[in-house]
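Participant: Shown below is the structure under consideration.
The values are calculated or read from the model by the stated rules, or taken from the named source; none is laboratory data. What you see is a predicted model; the values in this text were computed from it and never measured. Ideal geometry is used to build each Cβ from the backbone, glycine not excepted, and the neighbour counts take in all protein chains shown. For accessibility, only protein heavy atoms count, side chains too; no ligands or nucleic acids. Shrake-Rupley method; radii C 1.70, N 1.55, O 1.52, S 1.80 Å.
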Amino acid sequence: MYLPILILIVLCPTIASGVVPLAENMSTQPMTANSVRESKDLKKPVPFYEALAKALKKRKTKLETLCPPSDPVARRILEDYGAIFLAGKKVTPPPVCVFSNEEQVTRFQDDAGSEVAVIGYDEVELQPEALKKLNKAREEAQKEGLDITPRDGAEAARRNYDDSVRLWNSRFQPALDHWLSQGRLTEHEVTRLRNLPLPQQVAEVLELEKTGIYFSKDLSKSILYSIAAPGTSQHIAMLAFDVNEFENPRVREIMAKHGWFQTVLSDLPHFTFLGLKEKDLPKHGLRSVEINGQMFWIPNVAALHPGLDK
């Protein structure tokens, strides 16, 4: 990736124990180095940027508009969570890697369109095609005595820009207090970080994490493996859904059958609607990585994830 992150086996910050980090509000199932492998039984994936260039050309845009090469934070977001930008024709992927404000998010969400369904006691809002396929997946699951329900209520689906800022601060602010108390940051540094504009704040947090000053909830790994940076969540695109029943392999099969896939290595309940068939994902620039029996589809940027090629 564009940031000098050391990688042992999978896309994640280096940690001495060899355990792949999880998002704190997600599964506590450990992901050890030995439990991670790249699937070899599927077609060789095309390079991510090659597939992305084709997808963007069809949408009459280009990489420089989506994610400026000069912005290392945006580029990291693209290479970590970029599967969403390869979604099928019936949905609208985000026009940028990082939304900068609520007005920009609102305009995109209005243009993309959305529909609402009530699941249990919660209203779930997604792009129309994504919701249609989620409903079909639920119907199939229910016929088998299973269900697919939202994790953490309505927040399992659509979120706005302010939601992403709130979640960022839920990690960022406590971490600042901790590192100040430990003497790793001074009061002056903490005050300066708190007052930075969000884009600079994110960039400086990622730089600090290179020195071991982590901002995840448990302070052991990158904040990006805990929550998304402001304006970057796939939930903003209304193409993401957090599933309570993610540990059930049959639920995962049903979700995949209807175009929903796990695309974020550190976020086990998180599914992204791509609207594609699983067998076609490699030709769309995605590679499969199996973690404890769960299949994740991530951008095929092999040079950035050398451990997965071994």
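Participant: Enumerate the residues in the stretch 277-301 having an amide nitrogen under 20 Å from the point lying 7 Å beyond the Cα of Ala117 toward its Cβ.
Facilitator: Those under the cut-off are 277-278.
Participant: Test of understanding: what is the full-extension gain from Thr61 to Lys89, defined as 0.36 nm times their sequence separation minus their Cα-Cα distance?
Facilitator: 8.6 nm
Participant: Here is a further query. Let me cross-check Glu253: its accessible surface, 1.4 Å probe, with only protein heavy atoms counted, in Å² to the nearest 10?
Facilitator: Glu253 has an accessible surface of roughly 110 Å² with all protein chains in place.
Participant: Under the definition of Cα pairs under 8 Å and six or more residues apart, what whole-number percent is the relative contact order of the stretch 118-270?
Facilitator: 33
Participant: Can you order the peptides 237-243, 212-218 by their average number of other Cβ atoms within 10 Å per residue, highest first?
Facilitator: In descending order of packing, they fall as 237-243, 212-218.
Participant: Can you list the HN-Hα couplings for the stretch 153-164, worked out from phi with the Karplus curve (6.51, -1.76, 1.60; θ = phi - 60°), rounded to whole Hz and with x for Gly and Pro?
Facilitator: Listing the rounded values in order: x, 4, 5, 5, 10, 5, 9, 10, 5, 4, 4, 5 Hz.
Participant: Can you work out the Karplus-derived ³J(HN,Hα) for every residue in the stretch 165-178? Use 6.51 cos²θ - 1.76 cosθ + 1.60 with θ = phi - 60°, whole Hz, and x for glycine or proline.
Facilitator: 5, 4, 5, 4, 5, 5, 9, 5, 5, x, 5, 4, 4, 5
Participant: If one computes P(r) from the Cα atoms of the stretch 212-310, what percent of pairs lie at distances over 15 Å?
Facilitator: The proportion of pairs with Cα distances above 15 Å equals 66 percent.
Participant: Mind giving me the nanometre distance, one decimal, between the label points for Ala53 and Glu247, set 7 Å out from Cα along Cα→Cβ?
Facilitator: Label-label distance for Ala53 and Glu247, simple model: 4.4 nm.
Participant: Okay, moving on. Around Ala237, with a cut-off of 10 angstrom between Cβ atoms, what is the net charge of the other residues, counting Lys and Arg +1 and Asp and Glu -1?
Facilitator: After counting each charged neighbour, the total is +2.
Participant: From the phi angles alone, apply the Karplus equation (6.51, -1.76, 1.60; θ = phi - 60°) to the stretch 122-127 and give each ³J(HN,Hα) in whole Hz, x where the residue is Gly or Pro.
Facilitator: The phi angles translate into 10, 8, 10, 10, 9, 4 Hz.
Participant: Related question: Kindly report the accessible area of the stretch 81-198 per residue (heavy atoms of protein chains, probe 1.4 Å, no ligands, DNA or RNA), in Å².
Facilitator: I get 51 Å² per residue for this part.
Participant: While we're here: Report the local net charge at Lys57: Lys and Arg +1, Asp and Glu -1, summed over other residues whose C-beta lies under 14 Å from its C-beta.
Facilitator: Taking every Cβ under 14 Å from that of Lys57, the sum is +4.
Participant: Over the stretch 217-310, calculate the relative contact order: mean separation of alpha carbon pairs under 8 Å at least 6 apart, over the residue count, as a percent.
Facilitator: Over the stretch 217-310, the number comes to 20 percent.
Participant: Let me ask something else. Given a 1.4 angstrom probe, I'd like the percentage of the accessible area of the stretch 214-310 that is carbon and sulfur, rounded to a whole number.
Facilitator: The value for the stretch 214-310 is 51 percent carbon and sulfur by accessible area.
Participant: Contour minus end-to-end for Gln142 and Arg192, with contour as 0.36 nm per residue of separation and end-to-end as the Cα-Cα distance?
Facilitator: Taking 0.36 nm per residue and subtracting the Cα distance, the gain is 12.8 nm.
Participant: How many Å³ per residue does the convex hull of the Cα positions in the stretch 238-280 occupy?
Facilitator: Residue-normalised Cα hull volume stands at 70 Å³.
Participant: Oh, and also: What residues have an amide H closer than 5 Å to that of Ser216, excluding those fewer than 5 places away on the same chain, when H is modeled at 1.01 Å from N in the peptide plane?
Facilitator: HN-HN under 5 Å from Ser216: Lys221, Ile223.
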